[in-house]
Amino acid sequence: MVSVKYLFWILSQILFYYASSICITFFNKWSFSGFHFPLVVSFFHMTIVSHVIWLYRTATKSSSCKDEISWKLFFQRICPTAMATAIDIGLSNWSFMYITVSMYTMCKSTTIIFILLSAIIFKIEKPKLLSLVVIALISFGLFLFTYKSTSFHLWGFILVMTASVIGGLRWVLAQILLQRESIGLSSTLEFIYYVEPVMAVSILPFALGIEGFDMVLSPDFILARGHQSLHVFFVVSVGALLALLLTYSALIPLLPVLCVDTTASRTLR
């Protein structure tokens, strides 16, 4: 029988997740509407989070890994998860430049479809009639929401839906990685420690290739002075803090439960 204490813990984590998710969604929409470097900022978010976790891990000398992770395991398991996560986050943030928060939220809710499909492909879940009904209802709901919508933007829609597809793959890969007890990633911070640096490296070529030239010449970023430089620092640092809180809050329930049904509602960042 599930204890009241455990139920309270689960409820608190859910509230923590939704609070973090709502905060970063509106913060990113506000910041990227006037600060047109979502991929570059995402890179800095990932870099800052990586350094914060590294400093914490070094200071506390904490590690849940039983042994050092081999390069083979690193490239086969950690890199695919990190790359999928980086693409999901980058495209999601990029879409904020074109679509509203309501459109973004509706489109990202379809992540559950691609989590189920990815889980079936990787043989974590078996096809069920109820799952197919859920997929059909969500797809129909998305069609009704976007049909003749005055806020519809094709490129923004493509970006966020691509992010949802990759997001589904991302969560299944994360589950596969966390389920391997031999790896020893039983700590949320340990998982972030290994995944976040690869995320930053993965998104950097896209950030430089798409936004690099404009970023260098922009008075709103590299050439910022005075109050504008403080604004840049605020956007990057607060966004990184919210990203860390959201990542931590989303992974806490995933680690002890380790099931796709639990992660299905996650639409990280």
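The values are calculated or read from the model by the stated rules, or taken from the named source; none is laboratory data. Bear in mind the structure is a predicted one, so any value in this text is a computation, not a measurement. Glycine also receives a Cβ, built like all others from the backbone with ideal geometry; neighbour counts cover every protein chain displayed. These area figures cover heavy atoms from the full protein model, side chains too; ligands, DNA and RNA do not enter into them. Shrake-Rupley method; radii C 1.70, N 1.55, O 1.52, S 1.80 Å.
Exactly one of these conditions fails for Ser102: (1) crowded, with 18+ Cβ neighbours inside 10 Å; (2) under 25 Å from His36 (Cα atoms). Give me its number. Of the numbered conditions (1) crowded, with 18+ Cβ neighbours inside 10 Å; (2) under 25 Å from His36 (Cα atoms), the odd one out for Ser102 is (1).
Listed residues Leu251, Leu244; which is of a type in the set (A, V, I, L, M), under 17 Å from the mean Cα position of the chain (by Cα), modelled with pLDDT of 60 or more and open to solvent by less than 30 Å² (accessible area, probe 1.4 Å)?
Of Leu251, Leu244, the one residue that is of a type in the set (A, V, I, L, M), under 17 Å from the mean Cα position of the chain (by Cα), modelled with pLDDT of 60 or more and open to solvent by less than 30 Å² (accessible area, probe 1.4 Å) is Leu251.
Please verify whether the range 55-70 includes one or more residues that are small (Gly, Ala, Ser) and within 13 Å of the chain's Cα centre (by Cα). Within the range 55-70, none of the residues are small (Gly, Ala, Ser) and within 13 Å of the chain's Cα centre (by Cα).
Would you point out which residue out of Asp261, Asp220, Asp214 is part of a helix (DSSP H, G or I), modelled with pLDDT under 70 and over 16 Å from Phe16 (Cβ atoms)? Spell out how you get there, then give the answer.
On the way: Asp220 fails: part of a helix (DSSP H, G or I); Asp214 fails: modelled with pLDDT under 70.
Checking each option against the conditions leaves just Asp261.
One residue is enough: does the range 139-154 have a residue meeting the conditions aliphatic (A, V, I, L, M) and buried (at least 16 other Cβ atoms within 10 Å of the Cβ)? Yes, because at least one residue in the range 139-154 is aliphatic (A, V, I, L, M) and buried (at least 16 other Cβ atoms within 10 Å of the Cβ).
Consider the range 29-54 and keep the residues that are aromatic (Phe, Trp, Tyr) and open to solvent by less than 10 Å² (accessible area, probe 1.4 Å). The one that is farthest from Ala86 (Cα to Cα) is Phe35.
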